[in-house]
Amino acid sequence: MEDYVLSAVLGIIEGLTEFLPVSSTAHLRIAEQFFGLDLSSGYWKMYAIVIQLGAILCLPIYFRARIAKFISTFPKGESGDRTALTHPLTLVMIAFIVTAIPAFLLTKLIGKHLEDLHLMAWALIVGGIIMWIVDVIYAKRFRVDHMEKMSLGQAVWIGACQVLSAVFPGTSRSMSTIAAGQIAGMSRQAALEFSFFLSMPTMAAATLYDLLKFLKHGGVAAMNHHEWLILVIGFVVSFLVAWGVVAWFMHWVRRHGFVPFAIYRILAGIAVLVWLARFY
């Protein structure tokens, strides 16, 4: 496949799957196998990092008004009932810290050994079943319908659950945070919004860490004009597609649940297992 077309396709895959609860890591790994790439080496490793950064950067721009409101109302919040410890911005950072430290340590120890398509396929299936059950049981049992009403305990719980997605590729960070939020008594809308806000520091830190490691070894110096253009195409496409997905997803959850995504995960996981059994 033409490199420019391939870059656009990978950018679309990343943009579509980064914030939906279907696991962008699993989809990129499947695409890697399908197109015969090695996204874990050299240039393509950096490419995967950069297109993920493109998707992430759409969030602070899309939510710029909400972020400005949070900053202007810190620490008392819009209703005046928050403190410096329970303000939404603080809760996001607390959940990030709860996720970041154990995820970093565990990924160092075992994460690299779990990036197997068979394991990712099972993670898609199991995660889909969990999401389906949680959405059916907790959809109408929420006590918190806005992110501004979250508690410290809910933030810690969601951060802890997000560790699973860092350690088990294919679980999906979005799926972990949304399901954890619903179990903790948050509405679909509130759980999704917190998932988006938590992904900003979490994914930015992980992506920039990987990018700095790559730059430290002089990866950019060896790139030619053709490789730079492929990188730019993937970055731009990922950013634009992710923007559209976030806007659509925020409206979707107001009228629909997460069950369609759970079904997709289960079917995708089964399809990958069948594909692997037949060709590998």
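The values are calculated or read from the model by the stated rules, or taken from the named source; none is laboratory data. Because the structure is a prediction, the values reported are computed rather than measured. Ideal geometry is used to build each Cβ from the backbone, glycine not excepted, and the neighbour counts take in all protein chains shown. Just so you know, the surface numbers come from the protein's heavy atoms only, side chains and all, with ligands and any DNA or RNA stripped out. Shrake-Rupley method; radii C 1.70, N 1.55, O 1.52, S 1.80 Å.
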**Prompt:** Using the Cα gyration tensor of segment 17-63, with a ≥ b ≥ c the square roots of its eigenvalues, what is the shape: rounded (a/c below 1.5), prolate (a/b larger than b/c) or oblate (neither)?
**Reply:** oblate
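Using the crude model of +1 on Lys and Arg Cβ and -1 on Asp and Glu Cβ, and no other charge, please compute the dipole size for the chain relative to its Cα centre, in debye to 20.
Magnitude of the dipole: close to 800 debye.
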**Message:** Cβ neighbours within 10 Å, averaged per peptide: list 82-90, 183-191 in order, most packed at the top.
**Reply:** 183-191, 82-90
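When you count, for each residue, the other Cβ atoms within 10 Å and take the mean per peptide, how do 149-159, 96-106 rank with the highest first?
149-159, 96-106
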**Message:** Positive end of the dipole of the chain, charges at C-beta (+1 Lys, Arg; -1 Asp, Glu), about the Cα centre: which of 259, 203, 17 has its Cα farthest in that direction?
**Reply:** 259
**Item:** Ranked packing of 167-180, 244-257, most packed first, by mean Cβ within 10 Å
**Value:** 167-180, 244-257
**Request:** Let me know the charge dipole size of segment 151-280 about its Cα centre in debye, to the nearest 20, where only the beta-carbon of Lys, Arg (+1) and Asp, Glu (-1) is charged.
**Result:** 260
**Fill in**
Computed for segment 71-208: size of charge dipole around the Cα centre, +1 on C-beta of each Lys and Arg, -1 on C-beta of each Asp and Glu, debye to nearest 20, value 160
**Request:** For the chain, just the Cα set please: Rg and Dmax, both in angstrom.
**Result:** 18.7, 60
**Prompt:** Under a straight-distance cross-link criterion of Cα-Cα below 19 Å, which aspartates and glutamates are reachable from residue 149, leaving out those fewer than 8 residues away in the same chain?
**Reply:** 78, 81, 193
**Asked** Using helices alone, what [θ] at 222 nm do you get for the chain, with -39,500 (n - 2.57) per DSSP H run of 4 or more residues, divided over all residues and rounded to the nearest 500?
**Response** -25500 deg cm²/dmol
**Message:** For residue 44, what accessible surface area do you get with a 1.4 Å probe? Give it in Å², rounded to 10.
**Reply:** 50
**Request:** Using a 1.4 Å probe and ignoring any ligands, DNA or RNA, find the accessible area of residue 45 and quote it in Å² to the nearest 10.
**Result:** 90
